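What follows is a short report on a single structure.
Read-outs throughout are calculated quantities, based only on the coordinates presented, and are distinct from any laboratory measurement. Keep in mind that this is a model prediction, so the values were computed, not measured. Cβ sites come from the backbone with ideal geometry, for glycine too, and all protein chains shown count toward neighbours.
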Amino acid sequence: MHSIFRPSALGAAIAFLPIACAAGRVLAQVPEGCYVLARAADPSNGTGGLSILNPRAAGSAVAITGLPAVLVGWTSYPGSGASAVAIEPGPTGRLLVGSVPGFAGNPVYAYLLPLAGTAVSGGLTYYLGTAATAYGGVTQIADFGAFAVAAVSSMQNGAPLWGARLAYLDKTTGAVAPIPLTGLPLTGFSASATINAIGRAGPPLTYDAVYLGVADSGSSGIFMVPVPSGGTPVQYVPYSYPGIVTNIAVEPTGEIHSVYNNVGTTNHWVYNAVNPYSGSGGSVVPGGGLNGIATESTTYGYAVLQIGGPTGYRVQAYHPVGTYPSPSSYTFTTLATASAGTAASGMFTGIAWQPTPVLYGTGTPGANTYGFDLGEFELGMPFVGSNFTLRATSTPGLAPGWLAVSFAPASFSAFGIGVLVDPGALIELRPVYPGTSWFDMSTYMVPAAAGLSFCCQTIWFEPGGLAASPGLRFRVQ
């Protein structure tokens, strides 16, 4: 078999890219591979709010406009503003955002915000109750598709949560309900302990649950509780850490990552990763306190945010699933953040990442099940000049086939398989020989393709007929 490549199609699109990319920047969601940063107002650095940032493009932070005033905050009320952010997975890509009003007695809200370009366009507002102190409000949000869970602290005991520390947010109706926690206070913690962080649990759990970052008197622990049913939190990490836990992120493989503040007198910045399969963990201490973390689910990279200033860091730490990376192997690079006046510039409070590449649709298995490995991109993300590669998977056996690359997705049936790439926008058909798994995609990583998305699918020839993988989409950064 020979590769069928349509350079004219790619060339025509490249020629069209200045227009296509300009239009593509007016997106209904955060671009793939980019972060959303949440900030609170701070007299030293400016107002809070939200901004979108490409970690591989210097000076790329762009403020999200049209936010409710409480998410921007007021410098006269330090800590007011956006206090947490999550990105809804899938084609909508709406933002889930929590607030801290900055003074006691004011209402606390969470928001579900769709974007038109970089501006908020409508959305849902969730009333969560009244702040009991200047720092009362939402601490972190976890998204579950049809619903979300918000953790709150320092709230008055009143409707709609009535003292509950977790809130169920219905993304269809806008309804709010308390998630009950029993067995409080937790073992080793006082009744005044706060839930400062939550993260959506992953494997080995097979049901919806959140990890809770609980802090009390200078020490912290990580617990787990099912949602939305609630119950008695179980200490999931079998030991406690010094300092105040501030944020949790969970990889698709199930590894828990959490960051801390106020750790002793010298180790102020502790970043640790805990594998729930083994309970192992460790830390890196470059200096300073941390207030946010997000995992890049396809790169073994992380972003961490510094407390008290507009500085964030991207951490690269390769580690195969089930192993813990050596702290000495971490590399730190400063995230490209904008100065005050061009994007939200206050104190960091939260961060979320829009994954790339992403799977879409449903594959058509045959004797084998086919797919793409999304954990193999640490050596080459889809950005200009990279050695980006795709890795196809086939379980348990092997067969010959084709890799199809198109400018557009599709969803129709033909020849017994679900076709997920548009044949009318096809760029390339590349042969796949039995045992082949890696595909060099560097020909697409050119400057003129920045901002363009490509859709891929593998189609396989088995003795009993055709089979196919799910679709995979990547956006060149």
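For G401, what charge total do you get from the other residues with a beta carbon under 12 Å from its beta carbon, if Lys and Arg give +1 and Asp and Glu give -1?
Details: positive: R430; negative: E462.
Net of charged neighbours comes to 0.
A full extension of the chain between A408 and T65 corresponds to an added length of 120.5 nm, given 0.36 nm per residue minus the alpha carbon distance. Multiplying the residue separation of Y127 and A146 by 0.36 nm and subtracting their alpha-carbon distance yields 5.0 nm. With K and R counted +1 and D and E -1, the other residues having a Cβ less than 14 Å from that of T75 yield a net charge of 0.
Residues whose amide H comes within less than 5 Å of that of A399, counting only those at least five positions distant or on another chain, are G435 (H built at 1.01 Å from N in the peptide plane).
Charge tally around P203: other residues with Cβ under 12 Å, Lys/Arg +1 each, Asp/Glu -1 each, net -1. Modelled label positions at D373 and A177, each set 7 Å beyond Cα in the direction of Cβ, lie 4.2 nm from each other. Between Y207 and S190, the modelled labels are 3.4 nm apart [label points 7 Å from Cα along Cα→Cβ].
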